[in-house]
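I have placed the structure first, in the form of structure tokens, so that the comments after it can refer back to it.
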Amino acid sequence: MKKQKFQDENIALGYRIRELREKIINPKTNKPISQEELGLRTGNAKKTIGEIERGNSNPRFNTLLLISKELNVTIHELLDFDMKKYIRLAYKYKSNG
């Protein structure tokens, strides 16, 4: 597998996680949970969640299991997405963000 393709996949997965995280509403703030809150819920640092969401990290399977649990999706739902679509979305988000 080419290095760039692997990087693209990490970026797509990170975008997927960010998208799902933003759907979880904190009842105290009525806003989506933050990277920090997801980190606290999963036993990871905010920095770690940020690195995963930016595609700069290759998370362990156990970390993905914890993230999927806190995002109220199965690991299958977390990983079952249109890779090409999410790569495009992630790069579009990066260029606009």
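Quick one: how many residues across the range 1-24 are within 18 Å of D80 (Cβ to Cβ) and part of a helix (DSSP H, G or I)?
Result for the range 1-24: 14.
Keeping to the range 35-57, report how many residues are crowded, with 18+ Cβ neighbours inside 10 Å and at positive phi.
The qualifying residues number 1.
Considering only residues of the range 25-53 that are in a loop (DSSP other than H, G, I, E, B) and modelled with pLDDT under 95, which is nearest to Y93 (Cα to Cα)?
The residue in question is T29.
Name, by its number, the condition in (1) in contact (Cβ under 8 Å) with a residue 12 or more places away in the chain; (2) of a type in the set (G, A, S); (3) in contact with a helix residue (DSSP H, G or I) (Cβ under 7 Å, 6 or more places away or on another chain) that does not hold for S68.
The number of the failed condition is (1).
List the residue pairs whose Cβ atoms are under 6 Å apart, where the first residue sits in the range 73-97 and is within 19 Å of N56 (Cβ to Cβ), the second is part of a helix (DSSP H, G or I) and of a type in the set (A, V, I, L, M, F, W, C), and the two are 6 or more positions apart or on different chains.
The qualifying pairs are M83/A12; Y86/A12; I87/A12; A90/I11; A90/A12.
Quick check: anything in the range 46-64 over 21 Å from Q7 (Cα atoms) and among the aliphatic types (A, V, I, L, M)?
no
In the range 58-97, which residue that is farther than 14 Å from R21 by Cα and of a type in the set (S, T, N, Q) is surrounded by the most Cβ atoms within 10 Å (Cβ to Cβ)?
Across the range 58-97, the extreme among qualifying residues is T63.
Hey, among K69, K47, which residue is closer than 16 Å to I24 by Cβ and of a type in the set (K, R)?
Details: K47 fails: closer than 16 Å to I24 by Cβ.
Going through K69, K47 in turn, the sole match is K69.
The values are calculated or read from the model by the stated rules, or taken from the named source; none is laboratory data. If you're wondering where the values come from, they're calculated on a predicted model, not measured in any experiment. Note that we place each Cβ from the backbone using ideal geometry, even for glycine, and neighbour counts take in every protein chain shown.
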